Amino acid sequence: DVADIGVTGMAVMGSNLARNFARNGFKVAIHNRSVAKTEKVIAEHGGDGEFYPSESMADFVASLQKPRVAIIMVKAGKPTDAVIDELAELMEEGDIIVDAGNALFADTRRREAALREKGLHFVGSGVSGGEEGALNGPSIMPGGTKESYDRLGPMFEKISAHVDGVPCCTHVGADGAGHFVKMVHNGIEYADMQVISEAYDLMSKALGMDAPAIGDVFGEWNKGDLESFLIEITAEVLHHTDVTTGKPFVDVILDRAAQKGTGAWTVQTALDLGVPVTGIAEATFARSTSGSTPQREAAREVLPAEAQTLEIADKDQFIDDLQKALYAAKLVSYSQGFDEIAAGAKEYGWDIDLGAMARIWRGGCIIRARFLNRITEAYERNASLPLLLADEYFTTEIAKCIPAWRRIVAFAAASGYPVPVFSSTLSYYDAVRSERLPAALVQAQRDYFGAHTYQRVDAEGTFHVEWSEDRRETKQD
Ligand code: 6PG
C-alpha cells in the first residue's frame, strides 16, 4: 500500500495519464485487464517514474495508500460499470473511485449515489486534451464530493495544464457536475470545429483558394482574438500534404464526420433543460448531414447543384468579414454553452463557478483559447450574469462583428452554401435581443387548436378564447 494513486485501463489515455502522474513524482499503481498492456507501459515508459504494476484488480487495490484513489480509464458504458463493480467490491469506506472517461453525467449521478451508499466516493471527472494532454497536462473537471477533492485536488492540479501558473483543474461541483461540464465542453468543441470548417468551405468554394492558402489565413487568425488550439491545428492540417497522392491532405479525406456522442448528449440535455444551444445543435446535425450518405446521394441526383457564387469585389475584405463572423458565432456558441451549464447547475443543485470553468479551459483542453480569459473576467465582473453576451466586453466585440457577420450569412444564403453555425448563431443573436418575437402567434395557434391558453401583454393571468363558439375570451383560474 505505497502508491499515491492508481490507474486502471492502459489504453493510450490511461497510460498517458499514469505517466503524467509518475513524471510529477507520484507513485502510480497501474493495471489493465490484459497484462500485456501493463507490461508494455513498464517496458517503454518505466523510466518516467515510480510505477507499481499489478496483474489482478485485488493486487492493484492493495497497492494503494489509504484512502485509496483509483482512476478508471476504460470505455464508457458497460465496461466502466464492470470495472466500478469490481473496484467497489475491493475498496473500503472513504476510498475514491474516479471515472475519467467521457461518461454521461446522468450515469455518473446514478453511480455516485450507489457508491455513496457503500461509503465510497465516486468522482466523475472530465479530462480533456486528448492523448497529448493526458501526458503533458490536460484540463481536468472533477465532480464528486468536496471531501474527495481535498484528497484528489492537489494531485490533479499538479498534473493538469497550467496557464500563468494557475492549474487548469478545479472542483466543479457535486456528483455528475464534472461530467456535465465536460459534456458541454465537447458540445462547444463541435460548434468551434464546425464554424471553422464553414469558414474554410467559403474560402475554398467562394474564393477558390487551395488548402495551403487557407491554412495561411488560419495561421494569421491565430495571431489575433481567435488564437486557439483548434485554429492552430486547422492551419497545420491545411498545410499538410497527403503522402500517397501529393495532394493537400484535406482534399483526400472523405467528407463524412463521425461522432462518439458527447455533442448529441449536449444537445439532448439542452432540449430537456429548455436551453437553446443552436450553435452546438447545428454543428452536431451538420455531422449527421455529412454522414447521411443515401440522402446525400439522392439529393445530389435530383436537386440541381445551383451554388452560384455572388461576385466578391474585395477578397481581403471577404476574409476579414469571415474572421469577424467566426468570432461572433463563436461567442454565441460559448454563451449558449454557459447557459446550459448554468441551467444544469440549477436543475441538479450544483454550485458551479462559471468563471472558473472558463479559467480551467484556458489550457490543456481542446477548446483552449486566448479569449477564455474574457469569459472569466465577465463572470468576475458579475457572477450572476444572465447571459454571457450581455457582458460589456462581449457586447462591444459583437457590435464590431455584426455587419461582417450579416454579410457572410447573406452571401452564403444567396450563393447557395450551407453555413449552419454561422447562420443559426446569428438568428439566435437576433432573436434573443428582439423586442417582440413571433412566439405570440404560436401561443395563439396553440390556444386555437388545443385550448393551451396564453397570457396577455396588458393583464395578469391566463386566458383562453372559445374559438369554436362565440370567440369570447375567458380568464382561467
Ligand atoms: C477532449 C475531446 C475528447 C474526444 C472527443 C471526440 O476533450 O479531449 O473532446 O473527449 O476527442 O470525445 O469526440 P467525437 O469523436 O464525438 O468527435
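Nothing in this text is a laboratory measurement; each read-out follows from the coordinates by a stated rule. Quick caveat, the model's predicted, so the values are computed rather than measured. Cβ: placed from backbone, ideal geometry, glycine included. Neighbour counts: every protein chain shown.
Just to be sure I follow: if Rg is taken over the C-alpha atoms of segment 149-254 and Rh is the Kirkwood radius over the same atoms, what is Rg/Rh?
1.12
To the nearest 10 degrees, how steeply does helix 372-381 sit against the main Cα axis of the chain, on a 0 to 90 scale?
The angle comes out near 80 degrees.
Could you give each residue of segment 279-284 its phi-based ³J(HN,Hα) in whole Hz, using Karplus coefficients 6.51, -1.76, 1.60 with θ = phi - 60°, and x for Gly or Pro?
Residue by residue, segment 279-284 yields x, 5, 4, 5, 5, 5 Hz.
Which residues' amide hydrogens lie under 5 Å from the amide hydrogen of Val127, considering only partners 5 or more residues apart or on another chain, with H built in the peptide plane?
Met141
How large is the Kirkwood hydrodynamic radius of the chain, in angstrom, based on all distinct alpha carbon pairs?
One decimal place: 24.6 Å for the Kirkwood radius.
Taking 7 Å along the Cα-to-C-beta vector as the label spot, tell me the Ile402-Thr244 distance in nanometres, rounded to one decimal.
5.0
Enumerate the amide H contacts of Cys365 below 5 Å, restricted to partners 5 or more residues apart or on another chain; note that Pro and chain-start residues carry no placed amide H.
Long-range HN contacts for Cys365: Ser139.
What's the ranking of 208-214, 458-464 by average number of surrounding C-beta atoms within 10 Å, highest first?
208-214, 458-464
Helix 211-221: angle to the longest alpha-carbon principal axis of the chain, degrees 0 to 90, nearest 10?
80
Once the Cα atoms of helix 35-45 and of the chain are each reduced to a long axis, what angle between those two axes, in degrees from 0 to 90 to the nearest 10, is obtained?
Its long axis makes an angle of about 90 degrees.
PRE reach from Asp251 (point 7 Å along Cα→Cβ): which of segment 207-235 fall under 11 Å by backbone N?
209-213, by backbone N distance to the label point.
For the modelled label position 7 Å from the Cα of Asp1 along Cα-to-Cβ, which residues of segment 54-71 have backbone nitrogen atoms closer than 16 Å?
From segment 54-71, the list is 58-70.
List the lysines whose alpha-carbon lies under 24 Å from that of Lys158, not counting same-chain residues fewer than 8 positions away?
Hits, sequence-local ones excluded: Lys27, Lys66, Lys146, Lys182.
Sorted by mean Cβ packing within 10 Å, highest first, what order do the peptides 59-70, 85-96, 430-441, 131-142 take?
On the way: 59-70: 19.9, 85-96: 16.8, 430-441: 10.2, 131-142: 23.8.
The peptides rank, most packed first, as 131-142, 59-70, 85-96, 430-441.
Pairwise over distinct Cα atoms, reciprocal of the mean inverse distance: report the Kirkwood radius of segment 24-146 in Å, one decimal place. Working shown, then result.
Details: mean 1/r = 0.0662 Å⁻¹.
One decimal place: 15.1 Å for the Kirkwood radius.
Taking the C-alpha atoms of segment 283-335, how large are the radius of gyration and the largest Cα-Cα span, Dmax, in Å?
So, for segment 283-335, Rg and Dmax equal 16.0, 39 Å respectively.
Per residue, how big is the convex hull around the C-alpha atoms of segment 179-328? Give it to me in cubic angstrom, could you?
Spelled out: Cα convex hull of segment 179-328, divided by residues, is 153 Å³.
Could you work out how far apart the two model spin labels at Gln268 and Ala36 are, taking each label as a point 7 Å from the Cα in the direction of the beta carbon, and quote it in nm?
Roughly 3.4 nm, to one decimal.
For segment 177-182, just list the computed ³J(HN,Hα) in residue order, Karplus coefficients 6.51, -1.76 and 1.60, θ = phi - 60°, integers in Hz, with x standing in for Gly and Pro.
Ordered by residue, 3J(HN,Hα) equals 4, x, 6, 5, 5, 5 Hz.
Where q = 0.14 Å⁻¹, what log10 of I(q)/I(0) comes from the Debye formula for segment 356-449, counting one point per Cα?
At q = 0.14 Å⁻¹ the computed log10 ratios are -0.76.
Quick one: which residues, 5+ away or cross-chain, put their amide H under 5 Å from the amide H of Thr462? H built at 1.01 Å from N.
Answer set, sorted by chain and number: Gln476.
Hey, which aspartates and glutamates would be in cross-link range of Lys75, C-alpha to C-alpha under 13 Å, not counting anything within fewer than 8 residues on its own chain?
Asp99
Please give the charge dipole size of segment 187-304, origin at the Cα centre, charges +1 on K and R Cβ atoms and -1 on D and E Cβ atoms. Round to the nearest 20 debye.
Result for segment 187-304 is approximately 400 debye, rounded to the nearest 20.
³J(HN,Hα) across segment 57-73 via Karplus (A = 6.51, B = -1.76, C = 1.60, θ = phi - 60°), whole Hz, x for Gly/Pro?
5, 4, 5, 4, 5, 5, 7, 9, 5, 8, x, 6, 10, 10, 9, 9, 10
Using a basic spin-label model with each label point 7 Å from the Cα along Cα→Cβ, how many nm lie between Asp59 and Val457?
It is 7.6 nm.
When only DSSP loop residues count, what GluC sites (Glu not before Pro) in segment 262-310 have their Cβ near at most 15 other Cβ atoms within 10 Å?
Values: sites: Glu282, Glu297, Glu301, Glu306; in loops: Glu306.
Passing sites in segment 262-310 are Glu306.
Excluding residues on the same chain fewer than 8 positions from Lys400, give the lysines whose Cα lies under 20 Å from its Cα.
Lys223, Lys315, Lys324, Lys330
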